[in-house]
Structure formats: structure tokens, C-alpha cells
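Written below as C-alpha cells is the structure these notes are about.
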Amino acid sequence: MSNNLLKGKKGIIFGALNANSIAWKVAELCHAEGAQIVLTNAPVAAKIGQTEALAKTLNAPLIYADVTKMEDLENLVAGATEALGGSLDFVLHSVGMSLNIRKKNPYSDSNYEYMHQTLDISAMSFHRLMQTLMKKDAMNEWGSIVALSYIAAQRTFPDYGEMADAKSLLESFARSFGYHYGKKKHVRVNTISQSPTPTTAGSGVGGFDAFFNYADKMSPLGNASAAACAEYCVSLFSDYTRMVTMQNLFHDGGFSFTGISNDLMDGFRNAAAE
Ligand SMILES: NC(=O)c1ccc[n+]([C@@H]2O[C@H](COP(=O)([O-])OP(=O)(O)OC[C@H]3O[C@@H](n4cnc5c(N)ncnc54)[C@H](O)[C@@H]3O)[C@@H](O)[C@H]2O)c1
């Protein structure tokens, strides 16, 4: 069902690797809600992902860009505004990768080359993207920029490793850059802190399945799915959220404000009774 919430709007969506990706669901819903979009992903996604198939289905131009390369982002923004025939109303940053997690290095024995790359890909890319958009004056007045985060930015989840630090930085960039973009062009900048979601990046974190189930039992509404996250993104791209900026918005079924749930307590009671 479409409400045409994004009718006439133009945007760029980063990070749709395969049908499990959060960005994939966002792209599909933006399209259904009447937006014109450009898809982008890392060049390596051409080999390991299905972004091209999505681009065909949605009839969306696909421009590859490595978010660690300024030149790639400049080409992307120039190419997207040209392909869409005008400036942008929204951008989704849905990019994350941890080299130390991938190499299974414990947090307290991190490799700093890897950590540097992790922060570069997962957080500094957000600043780099916004700086590029601003320098090229590529956003329309009252545009909306969203990046995806995780609650490990506020609380410790041991297996999330250096991605916790990357997410803290990402959320800080939303506040800091959000101020400047708001003053300059009424562009709003927010992060969405999403529930654990079974995707390529999510499943790469150690013990993901146990953690997914724990969060599901802890949250009064259960875990938020990728499809539900897409709906929240669309609301933030729409004109109904024009005064929301510089926020980290929890989209997690209530997880972030729950101390303990009856479901989890029951598990502990049963274990104590055995
Ligand atoms: N899955 C979860 O549990 C979860 C929870 C909260 C937040 N998030 C965040 O959601 C976002 C999207 O991740 P996802 O879960 O959909 O996984 P995903 O693996 O489908 O998406 C991650 C994307 O990042 C892209 N990417 C990696 N390096 C890149 C580079 N150098 N240049 C350009 N793109 C690059 C990948 O190609 C991929 O498309 C990430 O920021 C992630 O941290 C995920």
C-alpha cells in the first residue's frame, strides 16, 4: 500500500547488498512511496552482492562508490543529481564494516590499521558524505539525511567490538553536522538506532543468533524488522518530520528503555528452580 509520502522526492540510498539488507527494504519502500532514487554501494558489491538486480527492478540508476574515497563520493553526488534531474531531498547512509570483527580480533587486542579502516568506513564516511553534499549544494531545503546506528554506542555489548566506537562517532557526526546543515539549509540529520537484524553485516557479529533472541525477548514489541525500519526511514524522509534533527532515534521495539522483561525473568526463574 502506498501513501505517496515521497511523491516527487529524489534521494540516494547507500548499502543495499542483498534482499536482507536494511537499505534494500528502504529502497523498495521509497520507490513504492513515489520517490526517484539512485542506488550506490562499494565497487566490490558488484561481485558479492545483488545491488544491480534491485536497480533493474526499481529502474534506479546505480553508481558505485567506495565511501572511504572523496573522489568517489563527489562523482556519486554529481552523477545522482544529474541522473535525477535536480537536487536531493533525502539520503540514507546504511554502511558498516569492522575489520577487527571480521578478523576475529578480540576488542582488547585490536589491530589499529583495521580499527582506522573501520572508523573510516563506518563513521567518517558519514561526515565525508555530508561535506560533499554541502559543498556541491546538492540537498534541497528541508532535506533529510539518515544513518543507521546501534545501541552499542551508548551501552556495552562486548562482541560488538570497535563498531560500538564507530557508532558513537556516527551519532556524534549527526549532531555536529546536523547543526551546521540545519543553519545553512534547514537540512535535518538523524541516526536510527535499529534492533539486531539478520543481514550480512549483522550476522558477522559474534553470537548474533543468541543476541537476536535475547533482544527479541527483552523488547515489549519484539525486535524491529528491516521492513519496519524502512517505514521509519520513509517517515523521516517525508514532510511530516521536518522539525526532527540531530537526534539518535531508537527503533527497537522498546529495548532501549526496558530494564528486564518478564520473558527473560521467567528463563532465570526456571534455571534457578532446576
Ligand atoms: N544488522 C543489524 O543488526 C544492524 C543493527 C543496527 C544497525 N545496523 C546498521 O545498518 C547498516 C546497514 O547494515 P545491514 O545490517 O543492512 O547489513 P548489510 O551488510 O546488508 O549492509 C552493509 C553495507 O555496507 C556496504 N559497505 C561496506 N563497506 C563499504 C564501502 N567501503 N563503501 C560503500 N559501501 C560499503 C556493504 O556493501 C553493504 O551493502 C549498517 O550501518 C549497520 O551497522 C545494522
Given the residues Lys9, Lys69, which is the only one that is touching a residue at least 12 places away in the same chain (Cβ under 8 Å) and more than 18 Å from the chain's Cα centre (by Cα)? Lys9
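Could you pull out the residue among Lys56, Lys103 that is over 19 Å from Asn18 (Cβ atoms) and among the basic types (Lys, Arg)?
Lys103
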Single condition Trp142 does not satisfy, out of (1) assigned to a loop (DSSP other than H, G, I, E, B); (2) more than 16 Å from the ligand (Cβ to nearest atom): (1)
So for region 67-84 (the condition being among the acidic types (Asp, Glu) and over 25 Å from Met124 (Cα atoms)), does at least one residue qualify? yes
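Per-residue answers, yes or no, for (1) in a helix (DSSP H, G or I); (2) aromatic (Phe, Trp, Tyr):
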| site | (1), (2) |
| --- | --- |
| Glu171 | yes, no |
| Ala174 | yes, no |
| Tyr179 | yes, yes |
| Val205 | no, no |
| Phe211 | yes, yes |
| Tyr232 | yes, yes |
Could you please find all residues in region 1-33 being within 16 Å of the ligand (Cβ to nearest atom), among the small types (Gly, Ala, Ser) and either in a loop (DSSP other than H, G, I, E, B) or surrounded by fewer than 23 Cβ atoms within 10 Å (Cβ to Cβ) (or both)? Gly15, Ala16, Ala19, Ser21
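Can you tell me which residue among Thr191, Thr197 is surrounded by 15 or more Cβ atoms within 10 Å (Cβ to Cβ) and within 8 Å of the ligand (Cβ to nearest atom)? Break it down stepwise before answering.
Numbers: Thr191 fails: within 8 Å of the ligand (Cβ to nearest atom).
It is Thr197.
Okay, residues lined up against (1) modelled with pLDDT of 95 or more; (2) of a type outside the set (Ser, Thr, Tyr); (3) under 26 Å from Tyr64 (Cα atoms); (4) touching a Cys at 6+ places or on another chain (Cβ under 6 Å):
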residue: Gln131; (1), (2), (3), (4): yes, yes, yes, no
residue: Asp137; (1), (2), (3), (4): yes, yes, yes, no
residue: Trp142; (1), (2), (3), (4): yes, yes, no, no
residue: Met163; (1), (2), (3), (4): yes, yes, yes, no
residue: Gln194; (1), (2), (3), (4): yes, yes, yes, yes
residue: Phe211; (1), (2), (3), (4): no, yes, no, no
Hey, does region 128-140 have a residue that's touching a helix residue (DSSP H, G or I) at 6+ places or on another chain (Cβ under 8 Å) and more than 27 Å from Gly8 (Cβ to Cβ)? yes
So is Ala153 of a type in the set (A, V, I, L, M), modelled with pLDDT of 95 or more and within 12 Å of the ligand (Cβ to nearest atom) or not? yes
Check region 264-274 and report whether any residue there is crowded, with 16+ Cβ neighbours inside 10 Å, out of contact with any Phe, Trp or Tyr (no Cβ under 7 Å at 6 or more places or on another chain) and either hydroxyl-bearing (Ser, Thr, Tyr) or not in a helix (DSSP H, G or I) (or both). no
Of the residues Thr118, Thr132, Thr81, which single one is within 16 Å of the ligand (Cβ to nearest atom), of a type outside the set (Phe, Trp, Tyr) and over 18 Å from Ala152 (Cα atoms)? Thr132
Only one of (1) buried (at least 18 other Cβ atoms within 10 Å of the Cβ); (2) over 18 Å from the mean Cα position of the chain (by Cα) fails for Asp239. Which number is that? (1)
What helices (runs of 4 or more DSSP H) completely inside region 34-104 contain at least 2 residues that are small (Gly, Ala, Ser)? 45-48, 51-58, 70-84
If you check Ala55, Ala60, Ala123, which single one turns out to be at negative phi, among the aliphatic types (A, V, I, L, M), surrounded by 15 or more Cβ atoms within 10 Å (Cβ to Cβ) and in contact with a Pro (Cβ under 8 Å, 6 or more places away or on another chain)? Ala55
Considering residues of region 155-169 that are assigned to a loop (DSSP other than H, G, I, E, B) and free of Cβ contacts under 8 Å to residues at least 40 places away in the same chain only, the residue farthest from Ser110 (Cα to Cα): Arg155
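The values are calculated or read from the model by the stated rules, or taken from the named source; none is laboratory data. Predicted, not measured: the structure shown is a model, and the values here were computed from it. Because the Cβ atoms are built from the backbone with ideal geometry, glycine has one as well, and the counts that use them run over all protein chains shown.
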